[in-house]
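Chemist: Please find one structure pasted underneath; my questions will follow.
The values are calculated or read from the model by the stated rules, or taken from the named source; none is laboratory data. Note that the structure is predicted; figures quoted are calculated from it, not measured. Counting neighbours? That spans all protein chains shown, and the Cβs are built from the backbone with ideal geometry, glycine included. Just so you know, the surface numbers come from the protein's heavy atoms only, side chains and all, with ligands and any DNA or RNA stripped out. Shrake-Rupley method; radii C 1.70, N 1.55, O 1.52, S 1.80 Å.
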Amino acid sequence: MKNEDRLAWWRDARFGMFIHWGVYAVPGRGEWVYYQEHWGQKEYARLADRFNPQRYNPREWVRIAQDAGMRYMVITTRHHDGFCLYDSKVSEFTAPKTAAGRDLIAEFAEVCHDTGMRMGFYYSLEDWRFPEQLPHQPIREDKSVYEPMVEQAHAQVRELMTNYGKVDLLWYDGGFPPDVWRAEELNAMARKLQPEIIINNRSGPPEDYGTPENNIRPMERPWEACYTMNDSWGYAKWDRNFKSTTQILHLLSTCVANNGNLLMNVGPDADGEFPPEAVDRLTEVAAWMRQHRAAIHLSLI
């Protein structure tokens, strides 16, 4: 399939929801708490014993997104801390194998397929549990030190591209140059398994689109600005500095005016609920969209 054909729905969508969720929601101090607070690996792993979201309702998540005019959703299947929300056969640090006892991504995927919501998977290539991979360390000349982490990444991307039906978008994150990840090989595998998939640029190769973060930087190629709704990607109970509805709509309209997309993040709490401020903002966005949707989605003009 030609690049422009694969991207047609995404370029018209303009507005998507990003979801950062994992065991870091338990302490509620953001998704980098493992690194920033120097947690020990065993100590951090015990958070999974307390991560059992009883109010997780992906159907409600999708409803909120659809009402707000969001046409795709990207969820963290695994962040830098290594915890998988899905059933990975190459890791024990997963939701099905710990307190949650179930595949949270499978539930999300089922609802997306049922409702026609385009579904994207965020996947962190790096995993802080492996040696020689914490942020701000120099890249080792001997790349073999990274090979166990790279092998895990290839295996887990294969799982994600195989076990959840159609995946519309693969949103990589993580450091290191593309030769460390064997990125060309990795992305070719993803495209073989999901021929219509769209892939971002964060594995190293340019792939389908650029991803400026918390800033609007128009590009000559397809691009998407990803933004936090407050000042944190993962749930942070102290962070009540949420953008106003006017600010969110300004970001959206500015992206659209510059031929880009906006991916607006929500960080659910450990029980699976969106912060009330996020729900309030998106409810107000939904009211605006009911009158002005055609200004955002070109197919309606």
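Chemist: Kindly report the accessible area of the chain per residue (heavy atoms of protein chains, probe 1.4 Å, no ligands, DNA or RNA), in Å².
Modeler: It amounts to 42 Å² per residue over the chain.
Chemist: Report the GluC sites (Glu not before Pro) located in region 162-224 that are in a DSSP loop and have at most 14 other Cβ atoms inside 10 Å of their Cβ, or state none.
Modeler: Glu196, Glu220
Chemist: Turning to a different aspect of this structure: Using a/c under 1.5 as the rounded threshold, could you call region 187-301 rounded, prolate or oblate? The axes a ≥ b ≥ c are square roots of the C-alpha gyration tensor eigenvalues, and prolate needs a/b larger than b/c, oblate otherwise.
Modeler: Since a/c reaches 1.5 but b/c is at least a/b, the shape of region 187-301 is classed as oblate.
Chemist: Using a 1.4 angstrom probe on heavy atoms only, work out the carbon and sulfur share of the accessible area of region 1-68 in %.
Modeler: Its accessible area is 43 percent carbon and sulfur atoms.
Chemist: Send over the Kirkwood Rh of region 229-288, from the inverse of the averaged 1/r over different Cα pairs, rounded to one decimal Å.
Modeler: Kirkwood radius, region 229-288: 12.2 Å.
Chemist: Oh, and also: I'd like the Karplus ³J(HN,Hα) series for region 272-281: coefficients 6.51, -1.76, 1.60, θ = phi - 60°, whole numbers in Hz, and an x wherever there's a Gly or Pro.
Modeler: With the stated coefficients, region 272-281 comes to x, 9, 5, x, x, 5, 5, 5, 4, 5 Hz.
Chemist: Probe radius 1.4 Å, ligands and nucleic acids ignored: give me the carbon and sulfur share of the accessible area of region 112-231 as a rounded percent.
Modeler: 50
Chemist: Just how much of Phe176 is accessible, in Å², when a 1.4 Å probe is used and the result is rounded to the nearest 10?
Modeler: Accessible area of Phe176: about 50 Å².
Chemist: What residues qualify as long-range amide H neighbours of Val74, i.e. H under 5 Å apart, gap of 5 or more or another chain, H built at 1.01 Å from N?
Modeler: Hits under the 5 Å cutoff: Met17, Phe18, Ile19, Gly120.
Chemist: Still on this structure, I have one more. Over all pairs of distinct alpha carbons, what does the Kirkwood formula give as the hydrodynamic radius of the chain, in Å?
Modeler: That comes to 19.5 Å for the chain.
Chemist: Taking every alpha carbon pair in region 1-81, what does the distance histogram look like in 10 angstrom bins from 0, in percent?
Modeler: 15, 35, 27, 18, 6
Chemist: Further question: Nearest-5 percent of antiparallel DSSP beta bridges in the chain?
Modeler: Antiparallel bridges make up about 5 percent of those DSSP assigns within the chain.
Chemist: Starting from the Cα of Lys192, draw a straight line to each of the aspartates and glutamates and keep only those under 19 Å, dropping any in the same chain fewer than 8 residues away.
Modeler: Glu4, Asp5, Glu151, Glu159, Asp168, Glu184, Glu207, Asp208
Chemist: If you take the Cα atoms of region 147-222, find Rg, then find the Kirkwood Rh from the mean of 1/r over all pairs, what is Rg/Rh?
Modeler: Numbers: Rg = 12.8 Å, Rh = 13.2 Å.
Rg/Rh: 0.97.
Chemist: How big is Rg to Rh over region 122-161, alpha-carbon atoms, Rh as the Kirkwood inverse-mean-distance radius?
Modeler: Over the Cα atoms of region 122-161, Rg/Rh equals 0.99.
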